[in-house]
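Here the structure comes first, spelled out in C-alpha cells, and everything after it is commentary.
Any read-out appearing in this document is the output of simple, stated calculations on the displayed coordinates, not a laboratory observation. All values derive from a computational prediction rather than experimental measurement. Cβ atoms come from the backbone with ideal geometry, glycine included; neighbour counts cover every protein chain shown.
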Amino acid sequence: MLPLPPFLKIDIVPEAFQGTINRESGKVDFEFKAKFLFSVGSIYKAPPLMVMTSLRSEESKDDMKSGRGKRLDEEGNCRLVGVVKVDSIDNFLMNSFLALLIECFADLNAVISISVSS
C-alpha cells in the first residue's frame with residue numbers, strides 16, 4: 001500500500017471492537033465499527049464514513065477480495081482479516097473517490113494478551 005501524500009489525511013475513530021477468543025482452538029472473531037474521517041489539509045473535510053466488518057482468524061471473502069487469517073498461537077500472535085464493501089455517502093466528491101474502492105480488505109497482525117483475574 002502506498003503512503004498518502006502529507007496533505008491527505010484519514011483518521012480512524014473506533015466505535016466498537018468486540019468479539020470472542022477461543023483459547024483452546026485459537027479461533028478469533030471480532031466485530032469492528034469505526035468512522036473514517038478524510039480531509040485534504042484545511043481545505044476539505046468529508047462527512048464521516050462508517051465502516052463495519054468482521055475481523056477473524058479464519059477466511060474472510062466477498063465478491064472480489066478474500067484472505068485467510070491465522071489462529072492465535074501460544075505466544076498470543078494471530079492474523080485477523082476482513083472484507084468490507086464501502087457504501088456511498090451523501091457527498092459527490094467522496095463518492096467519486098470511493099468508486100475506486102468497491103471492496104476493502106483489512107489485514108491485521110495482532111498480539112493478544114489474556115490475563116486471568118483471580
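Below is a table of values for the structure above.
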{"item": "Phi-based couplings in Hz for the range 78-90 (Karplus 6.51, -1.76, 1.60; Gly and Pro marked x)", "result": "7, 10, 10, 10, x, 10, 9, 7, 8, 7, 6, 10, 7"}
{"item": "Where labels lie 7 Å past Cα in the beta-carbon direction, separation of LEU37 and ASP90 in nm", "result": "2.0 nm"}
{"item": "The range 8-111: C-alpha gyration tensor shape, a/c 1.5 cut-off, then a/b vs b/c", "result": "prolate"}
{"item": "Loop chymotrypsin sites (Phe, Trp or Tyr not before Pro), the range 1-100, which have at most 13 other Cβ atoms in a 10 Å radius of their Cβ (DSSP)", "result": "PHE7"}
{"item": "Linear extension gain, ASP62 paired with ASN22, 0.36 nm per residue minus alpha-carbon span", "result": "12.0 nm"}
{"item": "Ranked list, fewest to most other Cβ atoms within 10 Å of each Cβ, for ILE89, ILE10, ILE114", "result": "ILE114, ILE10, ILE89"}
{"item": "Distance-filtered residues of the range 50-69 - backbone nitrogen under 12 Å, label point 7 angstrom along ASP29 Cα→Cβ", "result": "54-59"}
{"item": "Those GluC sites (Glu not before Pro) in the range 1-94 that DSSP places in a loop and that have at most 13 other beta carbons within 10 Å", "result": "GLU24, GLU74, GLU75"}
